[in-house]
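What follows is one structure encoded as structure tokens, with my remarks underneath.
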Amino acid sequence: MTTPMTIPTDRLILRPPAPSDLPALTAFYMSERSRLTGGHVPRTQAWLKSVAMLGHWTARGYGLWAVTAKEDGAFLGLVGPFYPDGWPEHELGWILMPEAEGRGIAFEAATAARAHARATLGWDQIVSYINAANIRSIALAERLGAVLDQSAAQPNPDAPCHVYRHPVAA
């Protein structure tokens, strides 16, 4: 299935991640702030996690887009469809840089990414896997209309998370 290379929204451009995004993403995964998204890891692991986001595009033909500001191209995070090998369901995921929070950017990007996953990838069932302590991500999932599904399969049963199920498109 062919995925458009970019998706414009009112304030953003969603584009495939590029090597130029690696420094910011690696720094994020090294930071304490990333502990709720699988980060707060040493540099080598942070770099590997970052490169995996680029590799997902190569392996699947889609993935989390780099979210950039239309006005200046600033890298604001990653948002989009994610389905690594062994994942029980299709996920809509997001990782935002601190400067992008509290501005509605994640909601704008996730809304566009979810619509794309439905229309282009044919995803009907979509979940978001969220650490139970990640209050901001839970709030975003709920704002997107997703509801907690306690019976859903876990992507990593040794480290359970909340599974938020997005509403099925009408």
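Here are the numbers for this structure:
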item: Under 12 Å, Cβ to Cβ, from THR6 - net charge with Lys/Arg +1 and Asp/Glu -1; result: +2
item: Highest-fluctuation residue, ASP85, ASP21, ASP124 considered, GNM on the chain with Cα pairs under 10 Å; result: ASP85
item: The chain: most fluctuating residue of GLU142, GLU99, GLU91 per GNM, C-alpha cutoff 10 Å; result: GLU99
item: Fewest-first sequence of LYS49, LYS70 by Cβ atoms within 10 Å of each Cβ; result: LYS70, LYS49
item: Relative exposure of SER34, SER50, judged by other C-beta atoms within 10 Å (fewest first); result: SER34, SER50
item: Difference of contour (0.36 nm per residue) and Cα-Cα distance, ALA52 to ALA132; result: 26.4 nm
item: Spread of Cα-to-Cα distances over 5 Å intervals beginning at zero, given as percent, for the chain; result: 1, 9, 19, 23, 24, 17, 7, 1, 0
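Each value in this text was obtained by applying a stated rule to the coordinates, not by laboratory testing. Quantities reported herein were computed from a predicted structural model and do not represent experimental measurements. All Cβ positions, even for glycine, are placed from backbone atoms using ideal geometry, and neighbour counts span all protein chains on display.
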